[in-house]
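Input: a single structure, listed below in C-alpha coordinates.
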Amino acid sequence: MASPFTRLRVELKNTFTGTGAHPPAWTEELADGDDAGYFAPGSAVWAVHSSMTPTVGGIRALLLQALHPGAMAGVYAHSNFREDPLGRLANTIRWIFTVTYGSTDAARGASAWVRRLHEKVTGTYVDANGVERAYSANDPHLLRWVHLAFTDAFLSAHQQYGLSFPGGADEYVRQWAKAGELMGVSDPPRSAGELREQLSAYDGELTSSEQVQDALAYIRRPPLPRSQRLGYRVLFAGAVATLTPRQRELLGLSLTHLGPVRLPVKPAVLLVLGVMKLGLGSQSPTEQAALRRIRRVQKHPPAGA
(Lines give C-alpha, C1' and ligand atoms only; values in the text may rest on other atoms or scores of the structure.)
Protein backbone atom coordinates (compact mmCIF):
# COMPACT_ATOMS: atom_id res chain seq x y z
CA MET A 1 0.00 0.00 0.00
CA ALA A 2 1.34 3.41 -0.96
CA SER A 3 2.42 5.72 1.86
CA PRO A 4 0.53 9.01 2.44
CA PHE A 5 3.53 10.93 1.07
CA THR A 6 3.58 8.81 -2.10
CA ARG A 7 -0.14 9.38 -2.60
CA LEU A 8 0.35 13.10 -2.10
CA ARG A 9 3.16 13.13 -4.66
CA VAL A 10 0.99 11.36 -7.25
CA GLU A 11 -1.94 13.68 -6.56
CA LEU A 12 0.26 16.77 -6.91
CA LYS A 13 1.65 15.59 -10.23
CA ASN A 14 -1.84 14.74 -11.45
CA THR A 15 -3.08 18.22 -10.52
CA PHE A 16 -0.40 19.91 -12.59
CA THR A 17 -0.26 17.55 -15.55
CA GLY A 18 -3.38 15.38 -15.48
CA THR A 19 -1.28 12.24 -15.98
CA GLY A 20 -0.73 11.02 -12.42
CA ALA A 21 2.64 9.66 -11.38
CA HIS A 22 4.09 9.63 -14.90
CA PRO A 23 5.14 12.82 -16.74
CA PRO A 24 3.01 13.70 -19.78
CA ALA A 25 4.46 12.59 -23.12
CA TRP A 26 5.10 16.18 -24.25
CA THR A 27 7.75 16.69 -21.56
CA GLU A 28 10.06 14.26 -23.34
CA GLU A 29 9.64 16.26 -26.56
CA LEU A 30 11.56 19.10 -24.90
CA ALA A 31 14.69 16.95 -25.31
CA ASP A 32 14.31 17.39 -29.08
CA GLY A 33 15.59 20.35 -31.06
CA ASP A 34 18.83 21.80 -32.37
CA ASP A 35 19.44 24.75 -30.07
CA ALA A 36 19.45 25.72 -26.40
CA GLY A 37 16.18 27.65 -26.60
CA TYR A 38 15.44 31.21 -25.63
CA PHE A 39 16.32 30.88 -21.94
CA ALA A 40 19.50 29.31 -20.62
CA PRO A 41 19.89 27.47 -17.32
CA GLY A 42 20.70 30.11 -14.74
CA SER A 43 18.74 32.81 -16.56
CA ALA A 44 16.19 34.91 -14.69
CA VAL A 45 13.28 33.19 -16.43
CA TRP A 46 14.66 29.70 -15.78
CA ALA A 47 15.29 30.53 -12.10
CA VAL A 48 11.80 31.91 -11.52
CA HIS A 49 9.89 29.27 -13.47
CA SER A 50 11.81 26.33 -12.01
CA SER A 51 10.90 27.38 -8.47
CA MET A 52 7.59 26.71 -6.72
CA THR A 53 6.47 30.35 -6.75
CA PRO A 54 4.68 30.06 -10.14
CA THR A 55 1.95 28.14 -8.30
CA VAL A 56 1.17 31.37 -6.46
CA GLY A 57 1.85 33.46 -9.56
CA GLY A 58 -0.56 31.37 -11.62
CA ILE A 59 -3.40 32.05 -9.18
CA ARG A 60 -2.57 35.75 -9.16
CA ALA A 61 -2.46 35.87 -12.96
CA LEU A 62 -5.94 34.35 -13.22
CA LEU A 63 -7.31 36.86 -10.71
CA LEU A 64 -5.70 39.82 -12.43
CA GLN A 65 -6.56 38.77 -15.99
CA ALA A 66 -10.22 38.38 -15.01
CA LEU A 67 -10.50 42.09 -14.19
CA HIS A 68 -10.37 43.07 -17.86
CA PRO A 69 -13.92 42.53 -19.17
CA GLY A 70 -12.70 41.67 -22.68
CA ALA A 71 -10.39 38.95 -21.43
CA MET A 72 -13.03 37.72 -18.97
CA ALA A 73 -15.69 37.53 -21.68
CA GLY A 74 -13.48 35.33 -23.83
CA VAL A 75 -12.73 32.94 -20.97
CA TYR A 76 -16.36 32.86 -19.86
CA ALA A 77 -17.81 32.16 -23.29
CA HIS A 78 -15.16 29.93 -24.83
CA SER A 79 -13.29 28.21 -22.00
CA ASN A 80 -14.26 24.98 -20.26
CA PHE A 81 -13.03 26.27 -16.90
CA ARG A 82 -16.25 25.10 -15.20
CA GLU A 83 -16.12 21.53 -16.51
CA ASP A 84 -12.35 21.01 -16.53
CA PRO A 85 -10.46 23.76 -14.68
CA LEU A 86 -7.47 21.49 -14.04
CA GLY A 87 -7.28 20.54 -17.72
CA ARG A 88 -7.07 24.22 -18.58
CA LEU A 89 -4.33 24.58 -15.99
CA ALA A 90 -2.39 21.68 -17.54
CA ASN A 91 -2.59 23.28 -21.01
CA THR A 92 -1.34 26.60 -19.65
CA ILE A 93 1.54 24.90 -17.87
CA ARG A 94 2.45 23.11 -21.08
CA TRP A 95 2.78 26.40 -22.97
CA ILE A 96 4.77 28.08 -20.18
CA PHE A 97 7.22 25.21 -19.84
CA THR A 98 7.60 24.71 -23.58
CA VAL A 99 8.49 28.38 -24.07
CA THR A 100 10.75 28.35 -20.99
CA TYR A 101 12.60 25.08 -21.57
CA GLY A 102 12.02 24.08 -25.18
CA SER A 103 14.05 24.78 -28.29
CA THR A 104 13.23 27.94 -30.21
CA ASP A 105 11.26 25.87 -32.73
CA ALA A 106 9.26 24.26 -29.93
CA ALA A 107 8.55 27.62 -28.30
CA ARG A 108 7.42 29.15 -31.58
CA GLY A 109 5.30 26.12 -32.40
CA ALA A 110 3.56 26.10 -29.01
CA SER A 111 2.80 29.80 -29.26
CA ALA A 112 1.48 29.48 -32.81
CA TRP A 113 -0.78 26.63 -31.65
CA VAL A 114 -2.26 28.83 -28.91
CA ARG A 115 -2.80 31.68 -31.34
CA ARG A 116 -4.65 29.34 -33.72
CA LEU A 117 -6.94 28.34 -30.85
CA HIS A 118 -7.55 32.02 -30.18
CA GLU A 119 -8.79 32.64 -33.73
CA LYS A 120 -12.26 31.33 -32.84
CA VAL A 121 -12.45 33.22 -29.53
CA THR A 122 -14.51 36.25 -30.52
CA GLY A 123 -17.63 37.98 -29.24
CA THR A 124 -18.79 41.10 -27.46
CA TYR A 125 -18.42 42.46 -23.94
CA VAL A 126 -19.57 45.45 -21.92
CA ASP A 127 -16.66 47.66 -20.92
CA ALA A 128 -16.13 49.49 -17.62
CA ASN A 129 -18.21 52.43 -18.92
CA GLY A 130 -21.16 50.27 -19.96
CA VAL A 131 -20.37 50.36 -23.69
CA GLU A 132 -20.69 47.14 -25.69
CA ARG A 133 -17.55 46.31 -27.63
CA ALA A 134 -16.31 43.51 -29.85
CA TYR A 135 -13.37 41.38 -28.74
CA SER A 136 -10.99 38.84 -30.23
CA ALA A 137 -8.52 36.82 -28.17
CA ASN A 138 -5.84 37.70 -30.73
CA ASP A 139 -6.59 41.42 -30.47
CA PRO A 140 -3.25 43.18 -29.77
CA HIS A 141 -4.71 45.16 -26.85
CA LEU A 142 -6.00 42.04 -25.08
CA LEU A 143 -2.87 40.05 -25.88
CA ARG A 144 -0.83 42.78 -24.21
CA TRP A 145 -3.05 42.73 -21.12
CA VAL A 146 -2.69 38.97 -20.72
CA HIS A 147 1.10 39.21 -21.12
CA LEU A 148 1.36 42.08 -18.64
CA ALA A 149 -0.83 40.31 -16.08
CA PHE A 150 1.17 37.10 -16.43
CA THR A 151 4.54 38.84 -16.15
CA ASP A 152 3.48 40.95 -13.19
CA ALA A 153 1.95 37.97 -11.40
CA PHE A 154 4.92 35.63 -11.71
CA LEU A 155 7.38 38.40 -10.86
CA SER A 156 5.39 39.64 -7.85
CA ALA A 157 4.90 36.13 -6.47
CA HIS A 158 8.60 35.33 -6.77
CA GLN A 159 9.68 38.61 -5.23
CA GLN A 160 7.43 37.91 -2.26
CA TYR A 161 7.98 34.17 -1.78
CA GLY A 162 11.08 33.17 -3.76
CA LEU A 163 14.82 33.46 -3.64
CA SER A 164 16.90 36.08 -5.41
CA PHE A 165 17.50 35.47 -9.10
CA PRO A 166 20.02 36.65 -11.71
CA GLY A 167 19.45 40.22 -12.85
CA GLY A 168 16.42 40.76 -10.66
CA ALA A 169 13.07 42.15 -11.79
CA ASP A 170 14.35 44.12 -14.78
CA GLU A 171 16.10 41.09 -16.24
CA TYR A 172 13.08 38.82 -15.78
CA VAL A 173 10.78 41.31 -17.52
CA ARG A 174 13.31 41.84 -20.31
CA GLN A 175 13.75 38.12 -20.93
CA TRP A 176 10.06 37.20 -20.72
CA ALA A 177 9.28 39.89 -23.29
CA LYS A 178 10.21 37.17 -25.80
CA ALA A 179 7.14 35.20 -24.74
CA GLY A 180 5.00 38.25 -25.41
CA GLU A 181 6.52 38.66 -28.86
CA LEU A 182 5.85 34.99 -29.65
CA MET A 183 2.20 35.59 -28.80
CA GLY A 184 1.99 38.67 -31.02
CA VAL A 185 2.58 41.46 -28.50
CA SER A 186 4.45 44.35 -30.09
CA ASP A 187 7.03 46.16 -27.97
CA PRO A 188 6.31 44.38 -24.66
CA PRO A 189 7.87 45.90 -21.52
CA ARG A 190 11.56 45.26 -21.02
CA SER A 191 12.02 46.56 -17.49
CA ALA A 192 10.04 46.56 -14.26
CA GLY A 193 9.39 50.27 -14.74
CA GLU A 194 7.98 49.73 -18.24
CA LEU A 195 5.85 46.89 -16.88
CA ARG A 196 4.29 49.17 -14.25
CA GLU A 197 3.76 51.91 -16.82
CA GLN A 198 2.01 49.65 -19.32
CA LEU A 199 -0.12 48.06 -16.59
CA SER A 200 -1.27 51.48 -15.36
CA ALA A 201 -2.57 52.28 -18.84
CA TYR A 202 -5.27 49.63 -18.32
CA ASP A 203 -6.47 50.94 -14.94
CA GLY A 204 -9.56 52.63 -16.35
CA GLU A 205 -10.60 49.47 -18.21
CA LEU A 206 -10.65 47.12 -15.22
CA THR A 207 -13.94 46.26 -13.58
CA SER A 208 -15.79 43.56 -11.72
CA SER A 209 -18.93 41.80 -12.93
CA GLU A 210 -21.07 38.72 -12.35
CA GLN A 211 -18.77 36.87 -14.75
CA VAL A 212 -15.74 37.79 -12.66
CA GLN A 213 -17.42 36.64 -9.45
CA ASP A 214 -18.51 33.39 -11.09
CA ALA A 215 -14.96 32.69 -12.28
CA LEU A 216 -13.61 33.73 -8.90
CA ALA A 217 -15.66 31.01 -7.23
CA TYR A 218 -13.83 28.40 -9.33
CA ILE A 219 -10.42 29.98 -8.75
CA ARG A 220 -11.04 30.14 -5.02
CA ARG A 221 -12.20 26.53 -4.68
CA PRO A 222 -11.06 24.33 -7.59
CA PRO A 223 -11.92 20.61 -7.49
CA LEU A 224 -8.74 19.45 -5.80
CA PRO A 225 -8.17 16.26 -3.82
CA ARG A 226 -8.93 16.67 -0.13
CA SER A 227 -5.22 16.42 0.71
CA GLN A 228 -4.47 19.59 -1.30
CA ARG A 229 -7.35 21.85 -0.27
CA LEU A 230 -5.81 23.41 2.82
CA GLY A 231 -2.54 24.02 1.00
CA TYR A 232 -4.39 25.65 -1.89
CA ARG A 233 -6.26 27.95 0.51
CA VAL A 234 -2.88 29.09 1.82
CA LEU A 235 -1.54 29.68 -1.70
CA PHE A 236 -4.72 31.55 -2.66
CA ALA A 237 -4.32 33.81 0.36
CA GLY A 238 -0.69 34.31 -0.62
CA ALA A 239 -1.71 35.35 -4.13
CA VAL A 240 -4.32 37.77 -2.79
CA ALA A 241 -1.69 39.33 -0.52
CA THR A 242 0.41 40.30 -3.56
CA LEU A 243 -2.43 42.18 -5.29
CA THR A 244 -2.78 45.93 -4.99
CA PRO A 245 -5.53 47.30 -2.71
CA ARG A 246 -7.54 48.44 -5.75
CA GLN A 247 -7.26 45.03 -7.42
CA ARG A 248 -8.48 43.34 -4.23
CA GLU A 249 -11.34 45.83 -3.97
CA LEU A 250 -12.49 45.14 -7.54
CA LEU A 251 -12.38 41.39 -6.91
CA GLY A 252 -14.15 41.70 -3.57
CA LEU A 253 -11.23 40.03 -1.78
CA SER A 254 -9.47 40.98 1.43
CA LEU A 255 -6.32 40.12 3.29
CA THR A 256 -6.47 37.28 5.80
CA HIS A 257 -7.52 38.49 9.26
CA LEU A 258 -8.42 36.98 12.61
CA GLY A 259 -10.85 39.56 13.89
CA PRO A 260 -9.09 42.93 13.60
CA VAL A 261 -5.62 41.34 13.39
CA ARG A 262 -4.04 40.74 9.99
CA LEU A 263 -2.50 37.28 9.80
CA PRO A 264 0.97 36.88 8.23
CA VAL A 265 0.58 34.54 5.27
CA LYS A 266 4.20 34.37 4.13
CA PRO A 267 5.39 31.71 6.60
CA ALA A 268 2.43 29.49 5.71
CA VAL A 269 2.99 29.99 1.97
CA LEU A 270 6.67 29.10 2.30
CA LEU A 271 5.75 25.96 4.24
CA VAL A 272 3.29 24.82 1.57
CA LEU A 273 5.75 25.56 -1.23
CA GLY A 274 8.40 23.57 0.63
CA VAL A 275 6.09 20.55 0.95
CA MET A 276 5.26 20.82 -2.75
CA LYS A 277 8.97 20.88 -3.59
CA LEU A 278 9.48 17.68 -1.61
CA GLY A 279 6.54 16.07 -3.35
CA LEU A 280 7.38 17.12 -6.90
CA GLY A 281 11.16 16.83 -6.68
CA SER A 282 13.99 19.30 -6.96
CA GLN A 283 14.05 19.20 -10.76
CA SER A 284 11.01 18.78 -12.99
CA PRO A 285 10.87 16.37 -15.96
CA THR A 286 10.69 19.41 -18.25
CA GLU A 287 13.97 20.76 -16.90
CA GLN A 288 15.61 17.36 -17.16
CA ALA A 289 14.55 16.98 -20.79
CA ALA A 290 15.73 20.49 -21.62
CA LEU A 291 19.11 19.91 -20.00
CA ARG A 292 19.60 16.72 -22.03
CA ARG A 293 18.92 18.68 -25.21
CA ILE A 294 21.28 21.49 -24.20
CA ARG A 295 24.11 19.08 -23.34
CA ARG A 296 23.63 17.29 -26.67
CA VAL A 297 23.66 20.54 -28.66
CA GLN A 298 26.75 21.77 -26.83
CA LYS A 299 28.55 18.50 -27.46
CA HIS A 300 27.42 18.10 -31.06
CA PRO A 301 26.46 21.48 -32.52
CA PRO A 302 24.32 21.35 -35.69
CA ALA A 303 26.21 21.71 -38.97
CA GLY A 304 26.77 25.36 -39.78
CA ALA A 305 26.18 26.48 -36.21
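The values are calculated or read from the model by the stated rules, or taken from the named source; none is laboratory data. These figures come from a predicted structure and were not determined experimentally. Every residue, glycine among them, receives a Cβ derived from its backbone with ideal geometry; neighbour counts consider all protein chains shown. Just the protein is used for accessible areas: all its heavy atoms, side chains included, with ligands, DNA and RNA removed. Shrake-Rupley method; radii C 1.70, N 1.55, O 1.52, S 1.80 Å.
Taking springs between alpha-carbon atoms closer than 10 angstrom, which of THR244, THR55, THR256 fluctuates most in the Gaussian network model of the chain?
Of the options given, THR244 has the highest mean-square fluctuation.
Take the chain, connect every pair of alpha-carbon atoms lying under 10 Å apart with a spring to form a Gaussian network, then pick out the residue of GLY204, GLY184, GLY109 with the largest mean-square fluctuation.
Result: GLY204 has the largest fluctuation of those listed.
Taking GluC sites (Glu not before Pro) as exposed when DSSP calls them loop (any state but H, G, I, E, B) and at most 11 other Cβ atoms lie within 10 Å, what is the longest stretch of the chain free of them, the sites themselves excluded?
On the way: sites that count: GLU83, GLU119.
Maximal segment without exposed cleavage sites: 120-305.
In whole percent, what relative contact order does the chain give with Cα contacts below 8 Å and a gap of six or more residues?
Working: 400 pairs, mean separation 89.6, N = 305.
Over the chain, the number comes to 29 percent.
What number does the chain give for Rg over Rh if you use C-alpha atoms and the Kirkwood radius?
Numbers: Rg = 19.3 Å, Rh = 20.2 Å.
Ratio value, two decimals: 0.96.
Would you be so kind as to identify which of GLY231, THR244, LEU263 lies farthest towards the positive end of the dipole of the range 193-302, taking Lys and Arg as +1 and Asp and Glu as -1 on Cβ and the Cα centre as origin?
GLY231
Enumerate the amide H contacts of TYR135 below 5 Å, restricted to partners 5 or more residues apart or on another chain; note that Pro and chain-start residues carry no placed amide H.
Result for TYR135 returns GLY123, THR124, TYR125.
Rounding to the nearest 20 debye, state how big the charge dipole of the chain is about its Cα centre with +1 on each Lys and Arg Cβ and -1 on each Asp and Glu Cβ.
Numbers: 32 positive and 26 negative charges, 232 e Å.
The dipole magnitude comes to about 1120 debye.
Gaussian network model of the chain, Cα springs within a sub-10 Å range: biggest mean-square fluctuation belongs to which of GLN283, GLN65, GLN175?
Taking springs between Cα atoms under 10 Å, the residue moving most is GLN283.
State in Å² the accessible area per residue of the chain; use a 1.4 Å probe, count heavy atoms of protein chains only, and round to the nearest integer.
Numbers: 15230 Å² over 305 residues.
That works out to 50 Å² for each residue.
May I ask you to give the percent of accessible area on the range 58-168 that is carbon plus sulfur, with a probe radius of 1.4 Å?
Details: 2620 of 4900 Å².
Roughly 54 percent of what the probe reaches on the range 58-168 is carbon or sulfur.
Ignoring any ligand, DNA or RNA, what whole percent of the accessible area of the range 195-293 comes from carbon and sulfur when the probe is 1.4 angstrom?
58
As a test of the formula, what do you get for the chain when each DSSP H run with n ≥ 4 contributes -39,500 (n - 2.57) and the sum is divided by the residue count, at 222 nm and rounded to the nearest 500 deg cm²/dmol?
On the way: 15 runs with 190 residues, N = 305.
Mean residue ellipticity at 222 nm (helix-derived): -19500 deg cm²/dmol.
Could you calculate the FRET efficiency of ARG226 with SER79 from 1/(1 + (r/R0)^6), where r is the beta carbon distance between them and R0 is 22 Å, rounded to 0.05? All intermediate terms of the calculation are to be shown ahead of the outcome.
On the way: r = 26 Å, r/R0 = 1.17.
Computed FRET efficiency for ARG226 and SER79 comes out at 0.30.
Could you grab the relative contact order for the range 112-193? Cα pairs under 8 Å, six or more apart, rounded to a whole percent.
Details: 72 pairs, mean separation 21.2, N = 82.
Value for the range 112-193: 26 percent.
Given +1 on the Cβ of Lys and Arg, -1 on the Cβ of Asp and Glu, and no further charges, what dipole in debye does the range 80-210 carry about its Cα centre, rounded to the nearest 20? Each step should come with its number before you reach the end.
Working: 13 positive and 17 negative charges, 99 e Å.
That gives a dipole near 480 debye.
List the aspartates and glutamates whose Cα lies under 14 Å from the Cα of LYS120, skipping any in the same chain that are fewer than 8 positions away.
ASP139
Given the options SER186, PRO54, LEU199, identify the residue whose Cα lies farthest towards the positive end of the charge dipole of the chain (+1 on Cβ of Lys, Arg; -1 on Cβ of Asp, Glu).
The residue sitting most towards the positive pole is PRO54.
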